[in-house]
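See below for the structure under consideration.
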C-alpha cells in the first residue's frame with residue numbers, strides 16, 4: 001500500500017499489511033477487501049479481529065530493534081513481568097539481555113510444555129533448574145512455575161502467582177517465538193470468565209502499535225507483547241511438517257540404548273551422540289516418539305551421515321539439505337549422572353562416567369545439566 005492508502009488497525013494501531021502473516025498488522029487480502037466494503041475505513045488486523053470476535057490471541061513477531069525498544073519501555077513501567085520459556089529449549093527461548101531491560105520489576109519465569117515432561121521427572125527439580133538457569137542469564141525471578149499452554153494445566157497456579165506479585169500493577173507477558181506465549185494467554189482468557197466477558201462486550205482497548213492489552217477489571221491490564229525471533233532455535237531450521245516430528249504432543253517415553261565406547265547414536269539428521277570412552281552402559285533418550293534414532297559404529301558415522309542425510313536420516317528432508325547448517329561438535333567428560341540437552345529436541349541421560357561428544361546444528365545449543373530423573 002502507498003502512503004495515500006495506508007490503513008491502521010483500529011485495535012492496536014499497527015499499519016495494515018497483507019504480505020507477512022507473522023508480522024504486526026497482517027490481514028489476508030480477501031479479508032481486507034471484505035472489511036473495506038463496509039461504510040467505514042475502520043479495519044482490524046487479523047490478530048485483533050480474532051481477539052475481538054473469538055477471544056483468541058494469535059502469535060506475532062517483530063525484529064530485534066523493535067523488541068529492544070519495547071523492552072526499554074517495559075523497564076520504565078511499574079509492572080510485573082511474565083517471561084515464558086520453552087522448558088525443552090531454555091537457551092533457545094531465553095531473551096538475550098532481558099535482565100538489563102526489566103529494571104527493578106519483578107519477574108516470574110513461566111516454563112511451558114509441562115505436559116510433555118516424562119512422568120518420572122521431578123517437577124520441583126525442573127523448577128529449580130529453571131531458577132538456576134535464569135540466574136545464570138542474569139535474571140533474578142521472584143518465582144517459577146510450570147504450565148501447559150496446550151492443555152491449560154497449572155494456569156490456575158500461574159494466576160495465583162500473578163495475584164501474589166502484581167500488587168495492582170500491569171502484567172507484561174514476554175517471550176520468543178515458538179514458546180507458546182499466545183496460546184498461554186488464550187488459556188488465561190478461557191479460564192478467567194471476567195476477562196473473557198470484558199473482551200467480548202467492549203471494543204478492544206489496546207492502542208499501541210506492538211502490544212495487546214487485556215483488562216483485569218481494576219484499571220490494569222495483562223499485556224501480550226509480540227515474540228522476538230531467536231535465531232538459535234532448532235524450529236527455525238525446519239518446515240512445518242518436520243516440526244511435527246520434533247515437537248512432542250504428549251509425555252515423552254524413555255528409550256534406552258546400550259552403547260559400547262566408539263558407538264554413535266543419530267537423532268535423525270538433526271543431532272548426533274558419540275560415546276568416545278567408558279564402559280558399556282545404557283543411555284536413556286528423551287525425544288519425540290516420531291523422531292528416527294539410529295545406532296552405528298563411530299568409525300562409520302561421518303560417512304553414514306553424509307550418505308543418508310535427508311533420506312534415512314530425516315528431518316531435514318532431502319530438498320532442505322542445501323540450507324541446513326553443519327553439525328557442530330561439543331565434547332563432555334562425565335563424572336556423574338547428567339543430561340546432555342539438545343536445544344529444541346530433548347535430552348540423553350548419561351548414567352556413568354565417560355567421555356562423549358554431542359553434535360547439533362550451528363548456533364543450536366548443547367548443554368549439560370544434573371539429571372532430572
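Ordering 286, 165 from the fewest to the most neighbouring beta carbons within 10 Å gives 165, 286.
Label sites at residue 307 and residue 136, each approximated as a point 7 angstrom past Cα along Cα to Cβ, lie 3.8 nm apart. The Cα atoms of segment 39-137 give a gyration tensor whose axes a ≥ b ≥ c have a/c of 1.5 or more with a/b no greater than b/c, which makes the shape oblate. The gain in end-to-end length when the residue 54 to residue 276 segment is fully stretched comes to 74.5 nm, 0.36 nm per residue minus the alpha carbon separation. Does segment 236-370 classify as rounded, prolate or oblate by the C-alpha gyration tensor (a ≥ b ≥ c root eigenvalues; a/c under 1.5 gives rounded; else a/b over b/c gives prolate, otherwise oblate)? Taking the square roots of the gyration eigenvalues as a ≥ b ≥ c, segment 236-370 is prolate. Hydrodynamic analysis of segment 61-230 uses the Kirkwood radius over alpha carbon pairs. Inserted into Stokes-Einstein at 10 °C and 1.306 mPa s, it gives a translational diffusion coefficient of 99 µm²/s. Multiplying the residue separation of residue 34 and residue 241 by 0.36 nm and removing their Cα-Cα distance gives an extension gain of 71.4 nm. Bridge orientation summary for the chain: considering DSSP beta bridges with both residues in this region, about 65 percent are antiparallel.
A simple spin-label model places the labels of residue 6 and residue 261 6.7 nm from each other, with each point 7 Å out along Cα-to-Cβ.
When the square roots of the Cα gyration tensor eigenvalues are ordered a ≥ b ≥ c, the ratio a/c for segment 1-54 is under 1.5, which makes its shape rounded.
Going by neighbour counts of Cβ atoms within 10 Å, the residues 135, 99 line up, fewest first, as 135, 99.
Full extension of the segment from residue 18 to residue 323, taken as 0.36 nm per residue of separation minus the current Cα-Cα distance, would add 107.1 nm. Roughly what angle does helix 155-166 make with the longest principal axis of the chain, taking Cα atoms, 0 to 90 degrees, to the nearest 10? Tilt of helix 155-166: around 60 degrees. Here the translational diffusion coefficient of segment 114-184 follows from Stokes-Einstein with Rh set to the Kirkwood radius across Cα pairs; for 37 °C and 0.692 mPa s it amounts to 242 µm²/s.
As I understand it, the value is the acute angle between the Cα axis of helix 123-136 and the longest principal axis of the Cα atoms of the chain; what does it come to in degrees, rounded to 10? In the chain, helix 123-136 runs at an angle near 80 degrees to the longest axis.
In terms of other Cβ atoms within 10 Å, 93, 151, 61 run from fewest to most in the order 151, 61, 93.
Modelled spin labels at residue 191 and residue 296, positioned 7 Å past Cα toward Cβ, are 4.6 nm from each other. First measure r as the distance between the Cβ atoms of residue 371 and residue 42, then evaluate 1/(1 + (r/R0)^6) with R0 = 56 Å and state the FRET efficiency to the nearest 0.05. Calculated value: 0.50.
A short reminder: the numbers here are calculations on the coordinates, not readings from a lab. Nothing here was measured: the structure is a model prediction, and the numbers come from that model. Glycine gets a Cβ as well: all are built from the backbone with ideal geometry, and neighbour counts include every protein chain shown.
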